[in-house]
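What follows is a short report on a single structure.
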Amino acid sequence: MSLFAKLRKILRAALLGNPELSRAFDLPIQAPQCEVSVWLHGTGAPRDVTTCHSVACSVPFTLCISGEGRAPLNRRAALRFHERGGEKRLLGVIELQHEAVIPTGGPELHLYKAVACTNLCLPRLRHWVRSALVARAYSKDLASGRMAVSLLDNGCNEIFFFCPRPVALVSVQQAGRCNIFPMNLMGPVGQGYFVFALNSSKQGGTGSGALVDLALSTIPFEYAEQVRQLGKNHHYHSIDFDQLYFATQPSPKLGIPVPHFALAVRELRVEQTHCLGSHTFFIARILHRHVYQNAPEFHRIHGIYAAYRRKSGVGVPNCPKWQPGTS
């Protein structure tokens, strides 16, 4: 390596920090995670929405928050991410503009588009340098016609993953087609409903119509590597389940093949789909849920929060455990 290249590498590390800051990190966490809480401000009294919000689209960054029967939400709000234990430090803020209300057979769902964000896990200088590089990449992608991720969308996606997010495997079986692929833009929204978002160009055979049946399997952490290898299946409408490197078993109600190592399985029926930009947003009703065993689940966090977590000595407080059984 030339002297110039060495100096460039040293300067880049000094300004941007470890390259790991741009990566996702895996964590074994007992569900439901109790490390980070997410609070909605601007709709009356602050409300803990940790267990009833999800990304509906990454570009433009759009969140779904369950209204849970409350009065219509105001036009402006903010989502604040806090440590749940210790000093309860504020980690990041996503400022929101109310966009739409989606009625369902259960909760009223509110869509919010991001208008600003603040990352409090990075030193200011390092944040500015990283922002300049993201803006440069955005300009290049616009000029080339590729999907361009703005500085705002990139920052919001980073902050969203300050809260540990579970990675699940989705099994689809319909019209003679089968597929199984990982997903982590998802979450329950109350009253027996569940939402998720999939890249509009890579929907893994789910299609865009309603009344699609799915089985969603939560994964033990020790299978994280095997699950990541299934990411390629997002590009396929159908795969041969006999070629999988693990055994499957039928889901309890619908008989859809799920991994033999699944901790729990939710069986879902998609009732609505909404194309919002880079992602298609799916609203599903939970038909059945079965818990097979209790163990730490495969979760992911952003590299920025992973570095902050190590530096701050953040741990995971005691959390309630799922118990084997059926509901």
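Nothing in this text is a laboratory measurement; each read-out follows from the coordinates by a stated rule. The model shown is predicted, which means the values in this text are computed figures rather than measured ones. Here Cβ is always computed from backbone atoms with ideal geometry, including for glycine, and neighbour counts include all displayed protein chains.
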Residue in the stretch 224-241 that is crowded, with 22+ Cβ neighbours inside 10 Å and under 21 Å from ILE286 (Cβ atoms) present: no
How many of the residues in the stretch 274-284 are more than 14 Å from the chain's Cα centre (by Cα) and buried (at least 17 other Cβ atoms within 10 Å of the Cβ)? 6
Touching a His at 6+ places or on another chain (Cβ under 7 Å) and hydroxyl-bearing (Ser, Thr, Tyr): is that true of THR273 in this structure? no
